[in-house]
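One structure below.
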Protein chains: 4
Amino acid sequence: MHSFADEEVEELLRQVALTSGYNQWLGARLVAAGNGQVEVELPVRAEMLQHHGFVHGGVIGALADNACAWAAASIAGDVVTNSYTLQLLAPTSASRLRVAGNVIKAGKRHVSVEARVFAERDAGDPKLTAVALASISVVSEGSAA
Amino acid sequence: MHSFADEEVEELLRQVALTSGYNQWLGARLVAAGNGQVEVELPVRAEMLQHHGFVHGGVIGALADNACAWAAASIAGDVVTNSYTLQLLAPTSASRLRVAGNVIKAGKRHVSVEARVFAERDAGDPKLTAVALASISVVSEGSAA
Amino acid sequence: MHSFADEEVEELLRQVALTSGYNQWLGARLVAAGNGQVEVELPVRAEMLQHHGFVHGGVIGALADNACAWAAASIAGDVVTNSYTLQLLAPTSASRLRVAGNVIKAGKRHVSVEARVFAERDAGDPKLTAVALASISVVSEGSAA
Amino acid sequence: MHSFADEEVEELLRQVALTSGYNQWLGARLVAAGNGQVEVELPVRAEMLQHHGFVHGGVIGALADNACAWAAASIAGDVVTNSYTLQLLAPTSASRLRVAGNVIKAGKRHVSVEARVFAERDAGDPKLTAVALASISVVSEGSAA
């Protein structure tokens, strides 16, 4: 179904990244990952909303950050987010978000990744809610911040 | 203690922003706010950590986003985050984070804000962990994304 | 050849944007523009290089900024760049750059646009050199910074 | 006059960075540099303007990029810009710009730097025109993009 999927990468992400305290709270589901691409979906809960009832930008940012880091990890192994720019394009009160992360270019030290966050809707196509551009650092022996 | 503090602004933020579902979960404490500046502290819990035991970038991003939006709101009223760039400067496993948000320039449509996130330490000065630069949109009658 | 091309948009950009002092100096050539997309090529001259002989990041940034603003203008009329994030992915000493700008989402107040800058090569495919994510503001009656 | 000035750093920047083709064209003047800080001023010429008569964002971006890279170089030696986010806060038709670059944090691999670009005015204080947040990579033996 997802031509980019790589079972080994998915298994590693499920064992390592998804079991952390934060991701346990977030409850994002890894749909597919591999070869520089990931797709993740997130059921939205009340504790993810800001005061107007929209999904909090921090949750959208975390989802985008995860997607970028995992897409980079799928081809570069151990990585850490260096920076990202998040544009919040439209507020959403959807009950389910979906994010696609795609590696733009993988260098020796940095991986450039973009993510697009969509709000699922009962009728009609998903609606683009946010976009991110990230620089992910490759963790190599002896490297540091 | 905080020369920028404005009690009306602080009261409004506590009644509106801090009571949202997400901020109830986050548990950040508003130390002071007013005149384009805010200081917020966050007790770190296990459900905020990533798989290496460091605070997840999404939590740091949300904290920075809050600080930028609230600093903007303290002088511009109703606002919404348009975009932000977050640089994660050093991983941290501190039990308490502190963020300072400062308005750089307030225009009619956009407020430019920076935030610096520090890890509190038992001994020594707080350690700079992340920095953000945000563009916050002023919500006015008839405006939209 | 470029399915997105719109002759009226191209004519307007050539008359307005391309005749400014800076763009006269830059010497970029509008290949095609319309419907939220643009393609621009730039012959590189010695006065565009930094001290290692690579194209200066400021030239690449200007090229990306132009591509983002023009792509936004092709569907939103008068616009002004609000912010952009530029990632310099690989240094280049190519004699010709090419940039593609694409609107990601057009809102009433902001247009989100991405640009990809490629170095042309004598042999082989163009090489991705830089990527940008921009937020372009729509200029409307009575609007201001 | 500038407490951060370091004559060796200034000499090196003048011999290396300022003699490149692009910086010869730009004509920026290094006011002071050292210890993670720089100040640069730029006389604006007609070939730096966009079609409304304001300084082109690409020139402002190049000036900010230079300031960030030079501030980083003043403490980290050979560096290359990895990415930067530029916010254009207000259009300017000033005949002289001034930029201050300041290192926020210097790590082993990345240096975080901010820059503020001001328009000089005949009367009154300089006006903040743009702000940038950059991630500058330290070039070390064997490193690559």
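The values are calculated or read from the model by the stated rules, or taken from the named source; none is laboratory data. Predicted model only: the values in this text are computed from it and were never measured. Don't worry about glycine lacking a Cβ; one is built from the backbone with ideal geometry, like all the others, and counts go over all protein chains shown.
Points to keep in mind about this one:
- From the options A:Gly27, A:Gly34, residue that is in contact with an Asp or Glu (Cβ under 6 Å, 6 or more places away or on another chain) and modelled with pLDDT of 95 or more: A:Gly34
- Any chance D:Ala72 is out of contact with any helix residue (DSSP H, G or I) (no Cβ under 8 Å at 6 or more places or on another chain) and assigned to a helix (DSSP H, G or I): yes
- Test: residue in region D:73-83 that is touching a strand residue (DSSP E or B) at 6+ places or on another chain (Cβ under 7 Å), closer than 22 Å to C:Val59 by Cβ and more than 10 Å from every other protein chain (Cβ to nearest Cβ): yes
Let's see how each residue does on (1) at the interface with another protein chain (Cβ under 9 Å from one of its Cβ atoms); (2) in contact (Cβ under 8 Å) with a residue 40 or more places away in the chain; (3) not in a strand (DSSP E or B):
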residue: A:Ala5; (1), (2), (3): no, no, yes
residue: A:Ala17; (1), (2), (3): yes, yes, yes
residue: A:Trp25; (1), (2), (3): yes, no, yes
residue: A:Leu30; (1), (2), (3): no, yes, no
residue: A:Ala33; (1), (2), (3): no, yes, no
residue: A:His51; (1), (2), (3): yes, no, yes
residue: A:Gly61; (1), (2), (3): yes, yes, yes
residue: A:Cys68; (1), (2), (3): no, yes, yes
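- Number of residues in region D:1-31 that are in contact with a His (Cβ under 8 Å, 6 or more places away or on another chain), surrounded by 19 or more Cβ atoms within 10 Å (Cβ to Cβ) and within 16 Å of D:Ala64 (Cα to Cα) equals 3.
- The set of residues in region C:35-49 being over 9 Å from the mean Cα position of the chain (by Cα), in a strand (DSSP E or B) and within 23 Å of D:Gln87 (Cα to Cα) consists of C:Gln37 alone.
Every residue, every condition in (1) of a type in the set (S, T, N, Q); (2) more than 20 Å from D:Leu128 (Cβ to Cβ), yes or no:
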position: B:Ile60; (1), (2): no, yes
position: B:Asn82; (1), (2): yes, no
position: B:Leu88; (1), (2): no, yes
position: B:Gly101; (1), (2): no, no
position: B:Gly107; (1), (2): no, no
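- Per-region count, region A:95-140, residues within 12 Å of chain D (Cβ to nearest Cβ) and part of a loop (DSSP other than H, G, I, E, B): 5
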